[in-house]
Amino acid sequence: MPSKPEILNRGTVARSRLFRADEIHLRFSNGEVRTYEKLCTGGPGAVLIVPLLDENTVLLVREYAVGIEDYHLALPKGAMDLGESLLEAANRELKEEVGYGARQLKFLKRIHLSPAYMEHGINLVLAWDLYPERLPGDEPEPIEVVPYPLDRLLELVMRPDVCEGRSIAALFMAREWLAGNLSLEST
């Protein structure tokens with residue numbers, strides 16, 4: 001494996017309320033020099049939760065996504081608050097978006113949507129042994145909660161309203177964990 005490129009220069013080229021874009025000048029181990037741009041993160045991080053109502057039922061949410069200008073079906077997710085652990089954030093988001101808390105939460109994996117040009121990653125968390133509890137959220141309208149059987153996972157991910165890659169990856173990983181094919185002790 002080659003050594004990491006040397007960062008020659010880095011600076012912010014654009015900033016909005018939500019995003020910052022940096023330009024990074026790199027020198028690779030073979031002497032090649034290139035300039036890249038990447039979207040940078042802010043805040044303490046984010047969580048995406050796989051809420052398991054039982055061993056075969058996952059709870060999804062239908063909400064509006066401005067990126068695709070339409071409603072879509074995905075797993076609940078949200079930003080971590082300052083000073084909040086990722087498991088605390090997952091349980092809070094679960095209560096806000098789905099109306100359940102979890103007695104059992106387990107970190108699954110940190111994934112990145114597009115590591116070639118985005119710094120942002122999200123922490124996948126399994127949640128089970130659920131109990132009803134609702135906290136007020138920051139959503140602009142009520143979120144529809146949709147239970148779905150995991151034994152119909154392929155049918156689910158082929159639906160046109162299921163398009164978020166992070167949710168699809170987390171659902172397959174949760175199914176493998178439930179089947180005993182994935183040990184979380186190694187993550």
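Accessible area of the chain with a 1.4 Å probe: how many percent of it is carbon plus sulfur? All intermediate terms of the calculation are to be shown ahead of the outcome.
On the way: 5900 of 10990 Å².
Carbon with sulfur: 54 percent of the solvent-accessible area.
Which one of ALA46, VAL33, THR57 has its Cα pushed farthest toward the positive end of the charge dipole of the stretch 20-60, where Lys and Arg give +1 and Asp and Glu give -1 at the Cβ? About the Cα centre, the residue reaching furthest to the positive side is VAL33. Hey, what angle do you get for helix 86-97 against the long axis of the chain, alpha-carbon based, 0 to 90 degrees rounded to 10? So the helix axis and the longest Cα principal axis differ by about 50 degrees. Accessible surface for the stretch 31-92, divided over its residues, is 50 Å² per residue with a 1.4 Å probe. Just checking the listed ones, ARG159, ARG110, ARG175: in the Gaussian network model of the chain with Cα springs under 10 Å, the one fluctuating most is ARG159. A straight line joining the Cα centroids of the stretch 18-51 and the stretch 65-103 runs 23 Å.
Helix 165-178 axis versus longest C-alpha principal axis of the chain: approximately 50°, rounded to the nearest ten.
The values are calculated or read from the model by the stated rules, or taken from the named source; none is laboratory data. What you see is a predicted model, and the numbers here were worked out from it, not measured in a lab. Quick reminder, even Gly has a Cβ in these numbers, built from the backbone with ideal geometry, and neighbours come from all protein chains shown. Ligands, DNA and RNA are stripped out before the accessible areas are found, and what is left, the full protein with its side chains, is counted by its heavy atoms. Shrake-Rupley method; radii C 1.70, N 1.55, O 1.52, S 1.80 Å.
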